[in-house]
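Please read the structure below before turning to the comments.
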Amino acid sequence: MKSTTAVRSSSLSSQTLKVQTQLKLLNKPAVKSIKSPDGDIIDCIKITHQPAFDHPLLKNHTIQMTPNFHPERVFGQNKAYSKKKQGSSSRTITQMWHLNGRCPQGTIPVRRTNMDDLIRASSIRTFGKKKHGTIPQPSSANPYFISQSKHQHAVAYVYGDRYYGTKAIINVWEPKVEHPNEFSLSQIWISAGSYGRDINTIEAGWQVYPALYGDNRTRLFVYWTRDSYRTTGCYNLLCSGFIQISNEITVGGSIYPVSSYNGHQYDMSILVWKDPKEGNWWMQLENKYVVGYWPGSLFTHLSDSAWRIQWGGEVVNSRSDGGHTTTQMGSGHFPEQGFGKASFFNNIQVIDGSHNLRVPRGIYPYTTGQSNCYDIQVRKGDNWGNYFYYGGPGKNPYCP
């Protein structure tokens, strides 16, 4: 009979082998590698070698290097040409790895996954994946959201039409996260399907997520699922799905600078739209970078159109003692404090059935849980269009 030590050693060897196998699957051979000042290694890999093509539905996929359609203007060579974004009273962001180099044409920049990243995960199988039931859930009969265990939201949403994309300017902060397994994010959700069963989502924004990235930096992210987060989808390029074409933007890469209280404000614009010819859902960052696309073949309901769109913040409260986490949402300050203090989304638009950007007919606010922890205030103005302030500090004297 094997000794306890021998069994433990065998188990560790098996786990190490699984980790090494997964790292080999995720980290494709690099044409060039760049050491970022934030500690990341950015690998420039051939565009045809990216993880998306490990997906069985994409084995014979031909990369679409340029969208056939853009809801705003003519563009080319993976860059959109546009005037300065409207409604911005802030400065724009970049990515830290740019300070030490760039990836050549024909490659894409991918944040290298290391052994520590996988060890921090609860399991290799769930690495880079959201948990089932983490999306705000509006009801067609009642414009409120079903409360999600541990996940709290302060969001604005539209529903009741067919949507083919959205655009918004998102204020960028670095909220404090209390526990490594908690996160704070600000994002766009584009979704269709039934909650709890077969919801399809396309998601993009920024997040602070220590368990995923190993630090407390603000990072650009994308996500997708077609079965309510059960078995499909992941963050960034940590599984097959999202196809990247830009050699200038790293999904999962850190964003800088970030906004400061009563100081300089920084923001980023995100546009997601459906190409009516090919059926793919494209993402553009900063009116400048066409980052890539989610192939229409990944989805069931979103192969047609979205049923609802949501914008706003989400945090995880992992406290099991009935108390509230101190993890911040947005800037960590309540919306009534306004510009320079509270986080915002502005110039919110949707893409309609004619594939035109337009102002939504109605935006509904909602907070999951107590508004004394996190809140939202929807407003409308000439320069900012439809906008809202949102967020909060989490635990405080009124949110114990």
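The values are calculated or read from the model by the stated rules, or taken from the named source; none is laboratory data. Remember, it's a predicted structure, so these values are computed and weren't measured experimentally. Cβ coordinates were reconstructed from backbone atoms using ideal geometry, including for glycine residues, and neighbour counts include every protein chain displayed. Note: accessible area is taken over every heavy atom of the protein model, side chains too, but ligands, DNA and RNA are not part of it. Shrake-Rupley method; radii C 1.70, N 1.55, O 1.52, S 1.80 Å.
Candidates in region 369-384 are the residues that are under 18 Å from Thr166 (Cα atoms) and within 23 Å of the chain's Cα centre (by Cα); of these, the one that is least open to solvent (accessible area, probe 1.4 Å) is Trp384.
If you check Thr250, Thr218, Thr231, Thr225 for being free of Cβ contacts under 8 Å to residues at least 12 places away in the same chain and not aromatic (Phe, Trp, Tyr), only one passes: Thr231.
The residue that is surrounded by the most Cβ atoms within 10 Å (Cβ to Cβ), among those in region 172-227 that are of a type in the set (Ser, Thr, Tyr) and part of a loop (DSSP other than H, G, I, E, B), is Thr218. The residues on offer are Ser194, Ser184, Ser122, Ser139, and the sole one that is modelled with pLDDT of 95 or more and of a type in the set (Gly, Ala, Ser) is Ser184. Scanning for something charged (D, E, K, R) and assigned to a loop (DSSP other than H, G, I, E, B), does region 342-360 turn up at least one residue? Yes. Taken residue by residue, region 288-307 has no member that is surrounded by fewer than 24 Cβ atoms within 10 Å (Cβ to Cβ), at positive phi and either modelled with pLDDT of 95 or more or in contact with a Phe, Trp or Tyr (Cβ under 8 Å, 6 or more places away or on another chain) (or both). Note on region 266-283: residues that are closer than 26 Å to Tyr364 by Cβ and open to solvent by less than 10 Å² (accessible area, probe 1.4 Å) total 9. Restricting attention to region 304-338, the residues being within 20 Å of the chain's Cα centre (by Cα) and either more than 20 Å from Ser269 (Cβ to Cβ) or acidic (Asp, Glu) (or both) number 11. Thr326 meets each of the listed conditions (1) crowded, with 22+ Cβ neighbours inside 10 Å; (2) of a type in the set (Val, Ile, Thr); (3) assigned to a loop (DSSP other than H, G, I, E, B) apart from (1). On the stretch given as region 341-368, residues that are under 22 Å from the mean Cα position of the chain (by Cα) and on the phi > 0 side of the Ramachandran plot total 1.
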